[in-house]
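None of the figures in this text is laboratory data; all of them are computed from the coordinates on show. What you see is a predicted model; the values in this text were computed from it and never measured. Here Cβ is always computed from backbone atoms with ideal geometry, including for glycine, and neighbour counts include all displayed protein chains.
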Amino acid sequence: MTGRARVFGDDINTDYIITSRRKRESLDPQVLRHYLFEEINPCFAASIAPGDLIVAGRNFGCGSAMEVAVTAVVGAGIRAVVARSFARTYYRNAVNNGLLPVVCDSSGIREGDPLTVLRAPSLAVHNERSGEILAADSLPAIMWAIIDAGGLVPYFQKHGDFVDARETKE
Amino acid sequence: MPGQTISEKILSAKSGRHARAGDVVVCRVDGALGTDGSTPMALDYFEAMGGSGVHDPGRVAFALDHYAPAPSRHTAQLHQRMRTFAARHGILVWEVGEGIGHQLMVESGRAMPGGLVVGADSHSVTYGAVNCFATGIGSSDLAAILMCGKIWLKVPPSIRVTLSGALPRGVFAKDIALALAAELGADGAAYQAIEFAGPAAARLPFDDRLVLSNLAVEMGAKNGIFPGLIEADADARYAREVFIALHELVPRVALPHQVDRVVEIGRALGTPVQMVYLGTCTGGRASDFHQARDILKAGGGVARGVQLVVTPASRAVLETLARDGTLADFIALGAVIGAPGCGSCCGTCGAIPGDGVNVISTANRNFQGRMGNSAASIYLASPVTCAAAAVRGAIADPREIAP
């Protein structure tokens with residue numbers, strides 16, 4: 001997965017990703033994508049290009065557990081978020097919607113850097129500008145199974161239940 | 001083999017495996033809450049998953065609390081959709097005006113000691129006060145629970161927070177929680193559980209436990225659990241130990257726009273406020289309103305230019321306030337009384353502050369735009385500190401307005 005870094009800071013809460021007030025009128029990701037990050041950068045939504053990757057500091061997605069903060073990002077064509085750390089509800093909502101959460105030291109990544117997310121031999125982010133390879137936290141088998149399926153919906157369409165994570169190991 | 005924390009013990013029991021911090025387990029849930037903020041999306045996921053029957057509808061409850069009463073046609077239709085689905089599948093609905101789902105999960109006993117109880121809302125951590133593993137989940141997780149009654153969870157390492165001593169006059173549970181938020185930071189407990197311990201935790205009144213568990217998520221915690229039916233082993237391993245001496249605490253305020261921007265009251269004195277909000281799943285119980293009322297009466301009422309908004313956490317709380325005269329006191333004090341529910345907390349319904357307005361609130365979050373207007377500033381404090389600000393029209397030390 002390759003894309004351009006779109007950089008945010010620490011403690012980006014779900015209301016900054018998409019405000020509750022927008023959610024009041026629509027849950028459609030194709031509507032909500034136009035209001036992504038409007039509280040902190042009103043021009044951001046219009047500037048998203050396909051394949052962009054969100055890069056953030058600590059505690060990305062803190063605050064409310066509202067899942068539109070993930071689906072609006074997925075709806076904008078973003079397939080991974082790279083952050084120093086995530087709020088846990090954002091992390092699990094990301095997995096459940098097929099959005100790859102990558103936990104690594106993101107502090108050296110600058111706006112616009114071309115990034116490649118590498119899966120083998122272990123999860124890492126290659127910054128093509130700096131040449132750095134940032135080692136990322138690994139994901140347990142069940143999370144890969146859900147992400148690879150494309151989220152919980154296709155996962156349940158296929159399995160109808162949780163299958164033992166140990167059996168889904170590659 | 002070392003002993004287990006409370007969280008490890010409960011997740012072991014619910015997964016049928018010997019669960020250790022770091023393991024990922026699939027667990028059967030004992031209870032689940034969906035709100036009008038999260039359930040409509042969960043129903044979309046459920047339908048997309050091919051769901052037809054609900055696995056165990058008796059374990060699920062829906063609360064119509066975020067849009068209570070519905071402020072728009074669209075949100076009214078969300079309620080209609082939830083009512084229709086619930087009626088078809090035999091799921092309990094807490095109607096508009098019955099209160100905040102979290103409060104109702106506790107009042108109804110659906111959150112039980114030793115249980116695994118989840119909710120599609122971040123403040124589901126509140127039920128940790130009753131000794132259950134309680135955590136916030138997403139709409140897709142709720143859909144999976146409707147499908148199969150189960151959830152995947154990563155077993156969290158635990159931070160043990162040991163409370164000692166007794167609270168001095170004018171200092172309350174909210175002040176303990178804000179002290180902890182300042183100590184840990186907004187992500188200091190990320191991916192981890194907070195386990196409360198110590199003699200003062202054992203003595204803490206139940207309402208105070210609810211406040212501490214509720215605010216655990218503001219430090220990023222997966223849960224905030226008190227000992228009870230399930231206790232930790234003496235040799236359980238903790239990722240970190242924090243000690244809080246209650247007798248050393250003073251009233252505190254979280255400044256805009258982050259919950260961990262906490263200062264002692266002395267450093268916020270005199271900040272003018274135009275709106276005071278008493279309510280939410282943090283500070284909307286009868287004891288909170290009693291404490292606030294006492295300060296308001298002792299201080300001679302609400303200052304000119306201050307809007308006081310009162311929103312009980314549940315109908316049971318409202319009934320208590322009506323029975324014991326507190327409601328009449330608040331009406332006489334000029335308060336606006338809102339329907340039990342989430343009210344103004346996250347700007348989904350209720351009173352919205354104007355541009356440039358400073359609000360002091362008993363809520364749990366003060367993010368920019370949280371109450372529906374990004375041009376307002378929100379301060380967080382205990383009910384008595386909020387009441388003191390209402391009396392003076394500015395942030396004030398409640399200990400100087402002793403009832």
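Tabulated results
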{"read-out": "Size descriptor, Kirkwood hydrodynamic radius, that averages inverse alpha-carbon separations across the protein assembly as shown, Å", "value": "23.7 Å"}
{"read-out": "Given charges at beta-carbon only (K, R positive; D, E negative), |dipole| of the protein assembly as shown in Debye", "value": "320 debye"}
{"read-out": "Theoretical ellipticity at 222 nm over the protein assembly as shown - DSSP helices of four or more residues, -39500 (n - 2.57) apiece, nearest 500", "value": "-8000 deg cm²/dmol"}
{"read-out": "3J(HN,Hα) from dihedral phi, segment A:129-140, Karplus parametrisation 6.51/-1.76/1.60, rounded to Hz, x for glycine, proline", "value": "6, 8, x, 5, 10, 9, 5, 10, 5, 6, 10, x"}
{"read-out": "Residue order, fewest to most beta carbons within 10 Å, for B:Val155, B:Val25, B:Val250", "value": "B:Val250, B:Val25, B:Val155"}
{"read-out": "Solvent-free Debye scattering, log10 I(q)/I(0), computed from the Cα coordinates of chain B at q = 0.13 Å⁻¹", "value": "-1.06"}
{"read-out": "Cα-Cα pairs of segment B:21-153 separated by more than 22 Å (percent)", "value": "30 percent"}
{"read-out": "Phi to ³J(HN,Hα) by Karplus 6.51 cos²θ - 1.76 cosθ + 1.60 over segment B:279-295, Hz, x for Gly, Pro", "value": "x, 6, 6, 8, x, x, 9, 4, 4, 4, 6, 4, 4, 5, 4, 4, 5"}
{"read-out": "Relative contact order (%) - chain A, alpha-carbon pairs under 8 angstrom, separation at least six", "value": "21 percent"}
{"read-out": "Segment B:21-153, dipole about Cα centre (Lys/Arg Cβ +1, Asp/Glu Cβ -1), debye to the nearest 20", "value": "240 debye"}
{"read-out": "Average beta carbon contacts from partner chains per residue of B:19-26, 10 Å cutoff", "value": "2"}
{"read-out": "Long-range HN-HN contacts of B:Trp94 with modeled amide H, under 5 Å", "value": "B:Phe62, B:Ala63, B:Leu64"}
{"read-out": "Nearest-0.05 FRET efficiency for B:Glu248 and A:Glu111, computed from C-beta distance (R0 41 Å)", "value": "0.35"}
{"read-out": "Prolate/oblate/rounded call for segment B:287-374, Cα gyration tensor, a/c under 1.5 rounded", "value": "oblate"}
{"read-out": "Backbone N within segment A:106-150 under 14 Å of label point (7 Å from A:Phe44 Cα along the Cβ vector)", "value": "A:111-112"}
{"read-out": "Computed label-point distance, nm, for sites B:Glu241 and A:Ser138 using a 7 Å Cα→Cβ extension", "value": "3.2 nm"}
{"read-out": "Residues of type lysines that A:Lys158 reaches as a straight line, Cα spacing below 21 Å, ignoring anything fewer than 8 places off in the same chain", "value": "A:Lys169, B:Lys150"}
{"read-out": "Residue order, fewest to most beta carbons within 10 Å, for B:Glu231, B:Glu195", "value": "B:Glu231, B:Glu195"}
{"read-out": "Dipole in debye (nearest 20) - chain A, about Cα centre, beta carbon charges: Lys, Arg +1; Asp, Glu -1", "value": "140 debye"}
{"read-out": "Shielding score for B:283-290, defined as the mean number of other chain Cβ atoms within 10 Å", "value": "0"}
{"read-out": "Length-normalised contact order for chain B - Cα pairs under 8 Å, 6+ apart - percent", "value": "18 percent"}
{"read-out": "Average partner coverage of B:132-143, which counts Cβ from other chains inside 10 Å", "value": "6"}
{"read-out": "Listed residues A:Ile12, A:Ile147, A:Ile40, most fluctuating in chain A (Gaussian network, C-alpha, under 10 Å)", "value": "A:Ile40"}
{"read-out": "Long-range HN-HN contacts of A:Leu53 with modeled amide H, under 5 Å", "value": "A:Arg4, A:Ala5, A:Arg6"}
{"read-out": "J(HN,Hα) series, segment B:186-193, from Karplus relation 6.51 cos²θ - 1.76 cosθ + 1.60, nearest Hz, glycine and proline x", "value": "5, 10, x, 10, 4, 6, 10, 9"}
{"read-out": "Charge dipole (the protein assembly as shown, unit charges on Cβ, about Cα centre) - positive-most of A:Ile40, B:Ala234, B:Ile265", "value": "A:Ile40"}
